[in-house]
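The values are calculated or read from the model by the stated rules, or taken from the named source; none is laboratory data. These numbers were taken from a predicted model, which means no experiment stands behind them. Every residue, glycine as well, gets a Cβ built from its backbone with ideal geometry; the counts of neighbours run over all protein chains shown.
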Amino acid sequence: MDQYIEFITNHPILSLAWVGIVFLIVSGWIKSKFSAVRQINPQQLTLLINREDGQVIDMRAQKEFNNGRISGAEHLSPENAKKSDFSSLEKYKTKPIIVVCTTGMTAQSTATTMSKAGFERVYVLAGGMGAWQSASLPTTTGR
């Protein structure tokens, strides 16, 4: 115990940085456990589509969407996502919705907004389309 106290007194900035990092990790973990939006992997996405009639919402740019998307995915333009305009998705309010972006980062905020807008079951594909393609799962192209 004396060694810890000596280390802390000799390296206060390093000790504060360590405490800050631990706090951020713990708070992020707690936030994810109590969030209404869950992250899922490509296999769980497939199960939601096949067993519970889940709907994939792809929020990438139109060109990326046309170049390759998950079969049956609906497009939500990034502009509409930023404006919280989900009027085209109202018919899916009670279905499981899986929000997909390129890497899984921007989809989280859109999914949280959708959950607050009344969508009952909202998920995010962890890793986005990159994770889907890394798992060698099929995509469709065209309009």
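Per-structure values
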| quantity | calculated |
| --- | --- |
| Selected residue (only one of Ala17, Ala36 is loosely packed, with under 15 Cβ neighbours inside 10 Å and either outside any helix (DSSP H, G or I) or in contact with a helix residue (DSSP H, G or I) (Cβ under 6 Å, 6 or more places away or on another chain) (or both)) | Ala36 |
| Test: Asp58 is over 30 Å from Glu120 (Cα atoms) and either touching a strand residue (DSSP E or B) at 6+ places or on another chain (Cβ under 9 Å) or modelled with pLDDT under 90 (or both) | no |
| Condition broken by Tyr123, with the remaining ones in (1) crowded, with 16+ Cβ neighbours inside 10 Å; (2) over 11 Å from the mean Cα position of the chain (by Cα) satisfied | (2) |
| Unmet criterion (only one of (1) out of contact with any His (no Cβ under 9 Å at 6 or more places or on another chain); (2) under 28 Å from Lys31 (Cα atoms); (3) modelled with pLDDT of 90 or more; (4) not β-branched (Val, Ile, Thr)) for Lys82 | (3) |
| Single match in Glu79, Glu6 (criterion: among the acidic types (Asp, Glu) and not assigned by TED's automatic domain parsing to the domain that holds Cys101) | Glu6 |
| Residue match in the range 113-128 (condition: touching a strand residue (DSSP E or B) at 6+ places or on another chain (Cβ under 8 Å), of a type in the set (Gly, Ala, Ser), assigned to a helix (DSSP H, G or I) and farther than 13 Å from Arg38 by Cα) | yes |
| Residue list for the range 87-97, restricted to those being part of a helix (DSSP H, G or I) and in contact (Cβ under 8 Å) with a residue 24 or more places away in the chain | Leu89, Tyr92 |
| Residues of the range 40-86 satisfying the condition of being in a loop (DSSP other than H, G, I, E, B) and surrounded by fewer than 18 Cβ atoms within 10 Å (Cβ to Cβ) | Asn41, Asp53, Ala61, Gly68, Ser71, Gly72, Ser77, Lys83, Ser84, Asp85 |
| Cβ pairs under 7 Å, 6+ apart, first in the range 21-38 and within 17 Å of Lys116 (Cα to Cα), second in a helix (DSSP H, G or I) | Ala36/Ser115; Val37/Gln108; Val37/Ala111; Val37/Thr112; Val37/Ser115 |
